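Participant: I am attaching a structure below and will ask some questions about it afterwards.
Please treat every number below as a calculation from the coordinates, not as lab data. From a predicted model like this one, the values you see are computed outputs, not experimental measurements. Note that we place each Cβ from the backbone using ideal geometry, even for glycine, and neighbour counts take in every protein chain shown.
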There are 2 protein chains.
Amino acid sequence: MKKVGIGLLGLGTVGKGVANIINNPNDRHPLVGELELVGVAVRNLQKKRDIIIPDSILTTNPIEIVTNPNIQIIVEVMGGIEPAKSLIIQAIRAGKSVVTANKAVIARHGEEISNEAKAAGVYVLIEAAVGGGIPIIEPVKQSLGGNQITKVSGIINGTTNYILSRMDKEGVDYADVLKDAQELGYAESDPAADVEGSDAADKIAILSGLAFGGSINRSNIPTTGINHLEAVDVNYARKLGYGIKLLAISEKDKSPSKTEGSQPLSIWVEPTLVPEDNPLAGVNGVNNAILVEGNPIGQVMFFGPGAGSGPTASAVVADILNIAGIQSMSEDNIFNLDPLLSAMSWRNCHVAEKKQITKKNYIRLIANDSPGVIGEIGTIFGKKKISIESIVQFDVTDEEAEIVVITHKIQQGQLEEALLEIKNLSQVKRIAATMGCL
Amino acid sequence: MKKVGIGLLGLGTVGKGVANIINNPNDRHPLVGELELVGVAVRNLQKKRDIIIPDSILTTNPIEIVTNPNIQIIVEVMGGIEPAKSLIIQAIRAGKSVVTANKAVIARHGEEISNEAKAAGVYVLIEAAVGGGIPIIEPVKQSLGGNQITKVSGIINGTTNYILSRMDKEGVDYADVLKDAQELGYAESDPAADVEGSDAADKIAILSGLAFGGSINRSNIPTTGINHLEAVDVNYARKLGYGIKLLAISEKDKSPSKTEGSQPLSIWVEPTLVPEDNPLAGVNGVNNAILVEGNPIGQVMFFGPGAGSGPTASAVVADILNIAGIQSMSEDNIFNLDPLLSAMSWRNCHVAEKKQITKKNYIRLIANDSPGVIGEIGTIFGKKKISIESIVQFDVTDEEAEIVVITHKIQQGQLEEALLEIKNLSQVKRIAATMGCL
């Protein structure tokens, strides 16, 4: 077998991890030994790196890599939208399959890239874009296709899960943990994409597209991060038997679709109370866990390291091997794409309106400490047909009380109407927090 | 695309589940719609079944199915060693790919079947043989190949996990729960393969072969079931902060191999104490969970329903779709096998001797309730260089005490020598139980 030429775009932590695997094939699947690193695009040739790459294959010109005739698979691990996206498109047009860890590009331009790949007859594989090292993309594409998928959900951002785990364990505030996480390298110096939920929204858009078979308009996903989460809510949640996790959830919307021929999906990202006996409650630190539910499988969970050089490199190499394996099936490489691995859309999907999301809720109110207030709140919820699981009053001062309400499953439209009325009660000072609840 | 002809051998719970998916393709991957049930072999044509299958495709002669030119994929879900094994071989020789849920056949005759499949250029896929609906075989084959795998372990028998979960929760004896489990359909009327650990040994043999790349002599796997487990051990384990799970474990043996050119693996099946904070401790009922550890991925876990008609059918259909997808790549089907999906051995492996297994242990002794006995036991362990984590004495009667010892990690050879000496102590009446401990 002729060696499979690999071109790396980027030699950061993930790129180095990939190079390390390719350069040390011993004790791995023998197909790893058939891979050869032919070219690596870097920003700075002079930079000291703790990995040995021959100077002859380094270049600062990524175009050289995507057009190199000795390269069959392009691995894009540079990150960011541009020039990553353009290079992916150029590689596809040059007839090369692409492996990328770039969730931001795939979540925003996945459909365009997928169409380009189809036209060129090449693969674009993205195992590393979601869940770090956890095999989740390939199982959804290749192992769950017999199911009617109803829901995909989970913890898919390692940085926020690390921060939440520490807030819960140490009872400290978000800002304190964030600073520490940045110093330890678990959070970026600009943490916005992680803590505001945008990274998780990218990933749930990608997972939804694969699980439900239609591309998702990522900008329609209601997204709340953990950056406004207060220690007091972590504390109250724990007292009520819950931990707080940043969950990304995507489920089939059962209400009648207003868009003919398109499957509505309720998709959202939000800090969510998770009961202590739920398997997600035990997922701590930078670990991720993804639940897939469907008929007839029931529920399966995939758990593991959601980030890091090694795990992410493992996922990138998984994709490289899948392509190399298929390419080894024929000398001339002239055949159709495998419909599972290429994962084209097979129907239209759209993100349902936020007010249609149906879920349990956690609401914390600041109110006067007067005997009638719980009754008034209960009356408004009752009028709006919102069934309440519990109302608990935590006294803060002599005059002020904090009231925590946990609802049963209700549509968000109903909840918003009720909260508007509750906000106008003279006894109620403000609605201090709202979150989801499993 | 021409429809892909499917032949079913067996129409029991799994067979019916598969037929249900194929006959109701709506809302599943569109490739399901390309499958067509062409023939079904059953034992009794007259039997009433809660599924509609046209009489014209039913037969009592399975040879008709495996030789039918309109069938491309044979699905063997009849179970048992024969005639299942012979039919699989005949199907392969007739040029058909095979999907089977038959762990007993694969664990015992996997190498022979794999060689036949290679010679015929067809696939034999076995996702349903391990872990019920959990995608574990395909991820190990297709998503983890970049790793140096060091360990595969987990809970891979649903029946025993159901029994253990109930023993733990209700504090009742094995025999009582077994009877109940049989009545509820969670255990077979002849439960031997499950409760004696043989089913788990079949499955860990299969997983080991795939993860470590060499076929495993299944009969060399030391196997202890749960059929001698007493309620008192479940009780003591809980007091010490552990649950008991039937674990199957396979790990690279680090001691020098006596067999040149062959990778030694420590593989065993045994009831094992699992700390309450270990992810496996929360796996209850008929659920399964499989941990895979390697470099650079770290640890990933796959969790879900380990048995049942629907989940197992989901796994069978996953395999069917993988083969159908590959077959759709070319009209004439003339190309090499995908080296990942076909999963050939790439090195020699062998099961290391039992005395080389290195693990923590739980030991319960019945002794006279005299002050010197713990000292004597401790002295013998010390002499054999066995480091002890804890010794706890539970008093049973005035004269008799139960002593529970938990060791640190030691080789089983050392432990056996120590236990021989301890058994001979005049104060010690008997060694009542030994188990593994995580």
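Participant: Quick check for me: using +1 on Lys/Arg Cβ and -1 on Asp/Glu Cβ, what's the dipole size of chain A about its Cα centre, in debye to the nearest 20?
Facilitator: Details: 40 positive and 50 negative charges, 185 e Å.
Value, rounded to 20: 880 debye.
Participant: What are the lysines whose alpha-carbon lies under 22 Å from the alpha-carbon of B:K48, with same-chain residues fewer than 8 places away excluded?
Facilitator: B:K16
Participant: Among the aspartates and glutamates, which have Cα under 16 Å from the Cα of B:K384 when same-chain residues fewer than 8 positions away are ignored?
Facilitator: Hits, sequence-local ones excluded: B:E376, B:E416, B:E417, B:E421.
Participant: Run through the other copies and list how far each one's label point is from that of B:D180, in nm with one decimal, shortest first; the point sits 7 Å from Cα along Cα-Cβ.
Facilitator: List, nearest first: 4.4 nm.
Participant: Relative contact order, percent, of chain B when contacts are C-alpha pairs under 8 Å separated by at least 6 residues? Don't jump to the answer; show the numbers that get you there.
Facilitator: Details: 896 pairs, mean separation 71.6, N = 438.
Taking the mean separation of contacting Cα pairs over the length of chain B, I get 16 percent.
Participant: Work out the charge dipole of the protein assembly as shown with +1 on the Cβ of Lys and Arg and -1 on the Cβ of Asp and Glu about the Cα centre, then indicate which of A:L210, B:I406, A:A94 is farthest towards its positive end.
Facilitator: A:A94
Participant: From the backbone phi of segment A:158-166, what are the Karplus-calculated ³J(HN,Hα) couplings (6.51 cos²θ - 1.76 cosθ + 1.60, θ = phi - 60°) in whole Hz, Gly and Pro given as x?
Facilitator: Per residue, the Karplus-derived 3J(HN,Hα) values read x, 4, 5, 5, 4, 5, 5, 4, 6 Hz.
Participant: Compute a Gaussian network model of chain B, connecting alpha carbons closer than 10 Å, and tell me which residue from B:E293, B:E127, B:E76 fluctuates the most.
Facilitator: Ranking B:E293, B:E127, B:E76 by mean-square fluctuation puts B:E293 first.
Participant: Could you check how many percent of all C-alpha pairs in segment A:32-150 are farther apart than 25 Å? Show your work: numbers first, answer last.
Facilitator: Values: 2014 of 7021 pairs.
Across segment A:32-150, Cα pairs with separations above 25 Å total 29 percent.
Participant: Continuing with this model, one more query. Once phi is turned into ³J(HN,Hα) by the Karplus curve 6.51 cos²θ - 1.76 cosθ + 1.60 with θ = phi - 60°, what whole-Hz value does each residue of segment B:181-194 show in order, with x for glycine and proline?
Facilitator: Values, residue by residue: 5, 5, 5, 7, x, 7, 10, 5, 5, 9, x, 3, 4, 6 Hz.
Participant: Using a/c under 1.5 as the rounded threshold, could you call the protein assembly as shown rounded, prolate or oblate? The axes a ≥ b ≥ c are square roots of the C-alpha gyration tensor eigenvalues, and prolate needs a/b larger than b/c, oblate otherwise.
Facilitator: Because its axes are fairly even, with a/c under 1.5, the protein assembly as shown counts as rounded.
Participant: Along Cα→Cβ at 7 Å, what distances in nm separate the B:E111 label point from those on the other copies, shortest first?
Facilitator: 5.3
Participant: In degrees from 0 to 90, rounded to the nearest 10, what is the angle of the helix B:103-120 Cα long axis to the longest principal axis of chain B?
Facilitator: Its long axis makes an angle of about 40 degrees.
Participant: Between segment A:164-210 and segment A:415-435, how far is it from one alpha carbon centroid to the other, in angstrom?
Facilitator: Between the Cα centres of segment A:164-210 and segment A:415-435 lies a distance of 28 Å.
Participant: Which distance in Å, rounded to a whole number, links the C-alpha centroids of segment B:265-331 and segment B:52-103?
Facilitator: First find each Cα centre; the distance between them is then 25 Å.
Participant: Once the label point is placed 7 Å from Cα along Cβ, list for A:E230 the distances to the corresponding points in the other copies, in nm, shortest first.
Facilitator: 5.7
Participant: Same structure again: Rounded, prolate or oblate: which one fits segment B:216-328, using the alpha carbon gyration tensor with axes a ≥ b ≥ c (rounded when a/c is under 1.5, else prolate when a/b beats b/c, else oblate)? Don't jump to the answer; show the numbers that get you there.
Facilitator: Details: a/c = 1.91, a/b = 1.20, b/c = 1.59.
Because a/c hits 1.5 or more and a/b fails to exceed b/c, segment B:216-328 counts as oblate.
Participant: Right, next: What Kirkwood hydrodynamic radius, in Å, does segment A:110-179 give when the mean of 1/r is taken over all pairs of distinct Cα atoms and then inverted?
Facilitator: Over segment A:110-179, the inverse of the mean reciprocal pair distance is 15.4 Å.
Participant: Which number gives the lysine pairs in segment B:137-305 that have C-alpha atoms under 30 Å apart and are eight or more places apart or on different chains?
Facilitator: The result is 25.
Participant: Okay, next question. Please find, in a Gaussian network model of chain A (springs between Cα atoms separated by less than 10 Å), the residue of A:V40, A:V269, A:V396 whose mean-square fluctuation is greatest.
Facilitator: Judging by the Gaussian network model, the answer is A:V396.
Participant: If you don't mind, another one. For chain A, modelled as a Gaussian network with Cα springs under 10 Å, which listed residue fluctuates most, A:A84, A:A175, A:A117?
Facilitator: In this elastic network of chain A, the residue with the biggest mean-square fluctuation among A:A84, A:A175, A:A117 is A:A175.
Participant: Per residue of chain A, what 222 nm ellipticity follows from adding -39500 (n - 2.57) for every DSSP H run with n ≥ 4, rounded to the nearest 500?
Facilitator: On the way: 14 runs with 149 residues, N = 438.
-10000 deg cm²/dmol, from helical runs alone.
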